[in-house]
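Encoded as structure tokens, here's the structure I'll be asking about.
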Amino acid sequence: MAEGGTNLTVGHHGSSNYPPPSLAEIANSHPNKIISGHVDEEEGNNKREHLLLNHYNQDQSIKDGESSSYSHQQDHQVQAVISPNEGSSSEEGSPIRVLHIVTALAEYNSGRRGTIEGQDRLQEVMIPVLVDSVSTMISPPQNYQVDVYLILGWKLKPERRRLIEDALPEGVGLEVWDDATPLGYDENDSVTIQHVTRGLARQHRFVIKDKIDRYDFFSVFEDDMRITGGHISYFLEMTAELKRLYDEAPEYLPNEPQDLHTEYFHGPLSRTQLSRMMPGFLRAEVLLKESNYIPKIEQASIPVDLEFDLKDKYGAITTENRTFDPTPCCSVPDVSTLPKDPKHDQVMLWESGITGANVRQFPASSASSKPDMLDWMLLQPGSMKPYFHNNKFVGGFWAGRDGAFGADAVKPDGYQPKYFGQQGGWMATREQLFRFHHDECVPGFFPPFDRPAFKEDGLIYQNVEFWSGGIQLFSGRKSGCNMQRVISLHPDHFSKHFLYHTANNKQLASEIPKSRVEKVNDFYGQINSVVKAAKRTIELGKEKS
């Protein structure tokens, strides 16, 4: 339950565009941008033949009977932000409809976690990043139709709301759920109802459930995360490539071995394995000063190798020196408070490291339009072997497999925070959300959040990272969905998997040891070394056979 309510602002121009176009129309209009099935409109959207990674044989809508008693609002309608003919020709059809949800706990910074006490977070952090993000989504070449939904932990005054309305690009719809922190019991033995601040990160699930049929794509992030139209476009492109692999894959394969030294790390993948894969991201910051970084590379026994073996257009292997490209995530020319054009060695991460790295070579697709995108891939930690059937297990070549970390080294648990790789949010198509809810997430993805998987409507035990950081989606612990995030290791694609944590405060926060700060460029070079070690193992196996 929550106090407060929603306030709707119609976009600065445009007209209502409901009912929305069918998924078939969207798929035909944007074959390279969105993977979807068709909606049988004659049956009122009650039957969906989802083509994304799996075919459903049942009604995949979220039933009215599943609605929670904690539902926060009436069924508001957000006006279309761009009319169908703006941003796409009539031959192309309607643009992809995106709901960008941003959750913000505080209007002013508290001074904790490396922030400046009293800083106007709304004006100096959230609004600039929000405007920059949305502007990239609605601009060419994406031309997405975007609405913004803000979930706020405080009561938004009218004059502060106007700051947001005036800053957003013309035509972008705005809806606000302020004072949205849920009320509940914060601990098992608590007898007092109070605000459960970590539960604010849960509230987007109610919003999406309300609006699941009105948008094609959902982007859900914290208020300091920069999410661009390029990120969404790339997510859709990789989702399409995974779908092509899925279409060509056998339904099942023999269970893969789960022993560290016999795990498969190349070869075919089944539909069962591919059905739980999706593009992954990593949070990154721009180093504000070099002293925030201790020149220490995790597991220095694995060298930083930036010489990549790449195929040219004729299929010949060439060697190129390539570095991390900070432009997709972290080049923000229009936000005065952020570094303009960081260099390849000025971007850092703190929630990943070579010790937790696993790589795998994916099978080639005969129908792929971008065969280099899904080749050698980084399997992000999170998936837990005990929590899924063996036929879903996807093995990889661990960075320490060949003894690089010592003979007694143990592969880290996929849930270890310093390797898990929080995203500060997540994104998904409508079809992926249906799949999460009905097939992958044992207790479901949408409310109600009932026992035995949840206590007190999900307000006890589950933290911010569970709801918005990806722990539920990408781990198999308790209520997890066990989705496997994958990152392309090709130099043309790797850099597109990084999201800018624009607060740039993790490098300053005392709770993050500086020993965990690592330059993305060094991390990438080490992963390349692991890939080369995996290739040598493949060649050695061929020689022995």
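Going by the structure shown, is Ile164 outside any loop (DSSP other than H, G, I, E, B), in contact with a helix residue (DSSP H, G or I) (Cβ under 9 Å, 6 or more places away or on another chain) and within 24 Å of Pro448 (Cα to Cα)?
Numbers: outside any loop (DSSP other than H, G, I, E, B): yes; in contact with a helix residue (DSSP H, G or I) (Cβ under 9 Å, 6 or more places away or on another chain): yes; within 24 Å of Pro448 (Cα to Cα): no.
When the stated conditions are applied, Ile164 does not pass them.
Can you tell me which residue within segment 477-505, out of those that are modelled with pLDDT under 95 and among the hydrophobic types (A, V, I, L, M, F, W, C), is surrounded by the fewest Cβ atoms within 10 Å (Cβ to Cβ)?
Ala503
If Pro412 passes every condition in (1) touching an Asp or Glu at 6+ places or on another chain (Cβ under 8 Å); (2) assigned by TED's automatic domain parsing to the domain that holds Gly525; (3) under 25 Å from Leu274 (Cα atoms) but one, which one does it miss?
Tallying (1) touching an Asp or Glu at 6+ places or on another chain (Cβ under 8 Å); (2) assigned by TED's automatic domain parsing to the domain that holds Gly525; (3) under 25 Å from Leu274 (Cα atoms), Pro412 fails exactly one: (1).
Conditions (1) among the small types (Gly, Ala, Ser); (2) in contact with a Phe, Trp or Tyr (Cβ under 9 Å, 6 or more places away or on another chain); (3) within 18 Å of Leu174 (Cα to Cα); (4) not assigned by TED's automatic domain parsing to the domain that holds Thr337, marked per residue:
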{"residue": "Ile208", "(1), (2), (3), (4)": "no, yes, yes, yes"}
{"residue": "Phe217", "(1), (2), (3), (4)": "no, yes, yes, yes"}
{"residue": "Ile232", "(1), (2), (3), (4)": "no, yes, no, yes"}
{"residue": "Arg244", "(1), (2), (3), (4)": "no, no, no, no"}
{"residue": "Tyr252", "(1), (2), (3), (4)": "no, no, no, no"}
{"residue": "Gln273", "(1), (2), (3), (4)": "no, yes, no, no"}
{"residue": "Met278", "(1), (2), (3), (4)": "no, yes, no, no"}
{"residue": "Ala284", "(1), (2), (3), (4)": "yes, yes, no, no"}
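Residues to consider are Phe446, Phe474; find the one that is over 13 Å from the mean Cα position of the chain (by Cα) and either in the same structural domain as Glu241 (by TED's automatic domain parsing) or in contact (Cβ under 8 Å) with a residue 60 or more places away in the chain (or both).
Working: Phe474 fails: over 13 Å from the mean Cα position of the chain (by Cα).
When all the criteria are applied, what remains is Phe446.
How many residues are among the aromatic types (Phe, Trp, Tyr), at pLDDT 85 or above and surrounded by fewer than 17 Cβ atoms within 10 Å (Cβ to Cβ) if we restrict to segment 381-430? Show your work before the answer.
Taking segment 381-430 first, the residues among the aromatic types (Phe, Trp, Tyr) are 387-388, 393, 397-398, 405, 415, 419-420, 426.
If we keep only those that are at pLDDT 85 or above too, we end up with 393, 397-398, 405, 419-420, 426.
From what's left, surrounded by fewer than 17 Cβ atoms within 10 Å (Cβ to Cβ): none.
Residues in segment 381-430 being among the aromatic types (Phe, Trp, Tyr), at pLDDT 85 or above and surrounded by fewer than 17 Cβ atoms within 10 Å (Cβ to Cβ): 0 in total.
Can you tell me how many residues in segment 333-372 are assigned to a loop (DSSP other than H, G, I, E, B) and either crowded, with 23+ Cβ neighbours inside 10 Å or not aliphatic (A, V, I, L, M) (or both)? If you could, list the steps in order and put the result at the bottom.
Just the residues of segment 333-372 that are assigned to a loop (DSSP other than H, G, I, E, B), to begin with: 333-346, 350-353, 357, 362-372.
Within this subset, residues satisfying the condition of being either crowded, with 23+ Cβ neighbours inside 10 Å or not aliphatic (A, V, I, L, M) (or both) are 333-334, 336-337, 339-346, 350-353, 357, 362-363, 365-366, 368-372.
Total meeting the criteria: 26.
Can you confirm whether Leu508 is touching a helix residue (DSSP H, G or I) at 6+ places or on another chain (Cβ under 8 Å), assigned to a helix (DSSP H, G or I) and closer than 30 Å to Asp186 by Cβ?
Working: touching a helix residue (DSSP H, G or I) at 6+ places or on another chain (Cβ under 8 Å): yes; assigned to a helix (DSSP H, G or I): no; closer than 30 Å to Asp186 by Cβ: yes.
Taking the combined requirement at face value, the residue does not satisfy it.
Which residues, counting only those in segment 459-486, are among the small types (Gly, Ala, Ser) and farther than 23 Å from Phe235 by Cα?
Let us first name the residues in segment 459-486 that are among the small types (Gly, Ala, Ser), namely 468-470, 475-476, 479-480.
Selection gives Ser479 alone.
Another question about this same structure. Looking at this structure, is Phe436 touching a Cys at 6+ places or on another chain (Cβ under 8 Å) and farther than 12 Å from Gly382 by Cα? Before the answer, list the steps.
On the way: touching a Cys at 6+ places or on another chain (Cβ under 8 Å): yes; farther than 12 Å from Gly382 by Cα: yes.
Considered against the rule, which asks whether it is touching a Cys at 6+ places or on another chain (Cβ under 8 Å) and farther than 12 Å from Gly382 by Cα, Phe436 comes out as yes.
Among the residues of segment 162-173, write down those that are among the hydrophobic types (A, V, I, L, M, F, W, C) and surrounded by fewer than 21 Cβ atoms within 10 Å (Cβ to Cβ).
So the first thing to find is which residues in segment 162-173 are among the hydrophobic types (A, V, I, L, M, F, W, C), and the list is 163-164, 167-168, 172.
Once the filter is applied, which keeps residues that are among the hydrophobic types (A, V, I, L, M, F, W, C) and surrounded by fewer than 21 Cβ atoms within 10 Å (Cβ to Cβ), segment 162-173 yields Leu163, Ile164, Ala167.
Would you point out which residue out of Phe405, Phe397, Phe434 is among the hydrophobic types (A, V, I, L, M, F, W, C) and outside the structural domain of His266 (by TED's automatic domain parsing)? It would help to see each step written out before you state the result.
Details: Phe405 fails: outside the structural domain of His266 (by TED's automatic domain parsing); Phe397 fails: outside the structural domain of His266 (by TED's automatic domain parsing).
So the residue among Phe405, Phe397, Phe434 that is among the hydrophobic types (A, V, I, L, M, F, W, C) and outside the structural domain of His266 (by TED's automatic domain parsing) is Phe434.
Cβ-Cβ below 8 Å, separation at least six or inter-chain, first residue in segment 402-424 and more than 24 Å from Leu282 (Cα to Cα), second at pLDDT below 85 and part of a helix (DSSP H, G or I): which pairs?
Close Cβ pairs satisfying both conditions: none exist.
From the list Tyr149, Tyr185, pick out the single residue that is among the hydroxyl-bearing types (Ser, Thr, Tyr) and either surrounded by fewer than 20 Cβ atoms within 10 Å (Cβ to Cβ) or in contact with a Pro (Cβ under 9 Å, 6 or more places away or on another chain) (or both). Spell out how you get there, then give the answer.
Values: Tyr149 fails: either surrounded by fewer than 20 Cβ atoms within 10 Å (Cβ to Cβ) or in contact with a Pro (Cβ under 9 Å, 6 or more places away or on another chain) (or both).
One residue alone meets the criteria, Tyr185.
Going by what's in this entry, would Ile512 be described as β-branched (Val, Ile, Thr) and at pLDDT 85 or above?
no
Hey, Val531 hits all of (1) under 16 Å from Leu287 (Cβ atoms); (2) outside any loop (DSSP other than H, G, I, E, B) but one; which does it fall short on?
(1)
State all residues of segment 113-145 that are more than 16 Å from Leu338 (Cβ to Cβ), surrounded by 16 or more Cβ atoms within 10 Å (Cβ to Cβ) and touching a residue at least 60 places away in the same chain (Cβ under 8 Å); if no residue qualifies, say none.
Met137, Ile138, Gln142, Asn143, Tyr144, Gln145
Among the residues of segment 265-319 satisfying the criterion of being among the aromatic types (Phe, Trp, Tyr) and modelled with pLDDT under 95, which is surrounded by the fewest Cβ atoms within 10 Å (Cβ to Cβ)?
So in segment 265-319, the residues among the aromatic types (Phe, Trp, Tyr) come out as 265, 281, 293, 308, 314.
Those left that are additionally modelled with pLDDT under 95: 293, 314.
On the way: Tyr293: 17, Tyr314: 6.
It comes out as Tyr314.
State which residue pairs qualify: first residue among the aromatic types (Phe, Trp, Tyr) and inside segment 356-371, second residue modelled with pLDDT of 90 or more in any location, beta carbons under 7 Å apart, and separation of 6 or more residues or different chains.
Going by the 7 Å Cβ cut-off, the qualifying pairs are Phe362/Leu245; Phe362/Leu269; Phe362/Leu374; Phe362/Asp375; Phe362/Met377.
The values are calculated or read from the model by the stated rules, or taken from the named source; none is laboratory data. The structure presented is a predicted model; accordingly, all values stated were derived computationally and were not measured. Glycine also receives a Cβ, built like all others from the backbone with ideal geometry; neighbour counts cover every protein chain displayed.
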